Amino acid sequence: MGNNFNQTGEKISFWNLLKKYKILIPILQRDYAQGRIEHEPIRNRFLETIYDSIKDNKELNLDFIYGSVKNDSTLILIDGQQRITTIFLLYWYLANKENKINDIKKHLKRFTYETRISSREFIEKFWDNSNNIPPHKNKPFEDTIKCCK
């Protein structure tokens, strides 16, 4: 799920991207446009596409997500922050729901924020508290991650 193209034009999954690179959301990013009320149709369409991909077990193409790679194998995203963050949270939620978070935590922790202090603090608290979040098989996603405030 969540395929991108690398420098050579071949597709790479979100999971393989995390295995290969530390993904860094840099300080210079635009506001979270998908969260705005006027962008609700775009947000809903994106979430429906993700849902359909999971339900039908088919590949999801996230269009282009690009950035630059530093010598230490850190991918600094230039475009795609919102899509990648959504996929990251979905991976975490599903792993938590299936009680497999410890199986994938090492890779998910390679996703970091340098943007606003609140975003960086959220991710830090998210990982500090992630072992204390019991899996909720029937609990909405939003309620599951509220522990990280």
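Here are some notes:
- Heavy atoms of the protein chains alone define the surface here; on that basis the range 21-111 has 61 Å² accessible area per residue at 1.4 Å probe size.
- Simple label model, 7 Å out from Cα along Cβ direction - residue 11 to residue 76, nm: 3.0
- Gain on full stretching of the segment that runs from residue 104 to residue 54 - 0.36 nm per residue minus C-alpha separation: 16.2 nm
The values are calculated or read from the model by the stated rules, or taken from the named source; none is laboratory data. Just so it is clear, the model here is predicted, and its values are computed rather than measured. Cβ atoms come from the backbone with ideal geometry, glycine included; neighbour counts cover every protein chain shown. Each accessible area value is taken on the protein alone, full model and side chains, heavy atoms only, with ligands, DNA and RNA left out. Shrake-Rupley method; radii C 1.70, N 1.55, O 1.52, S 1.80 Å.
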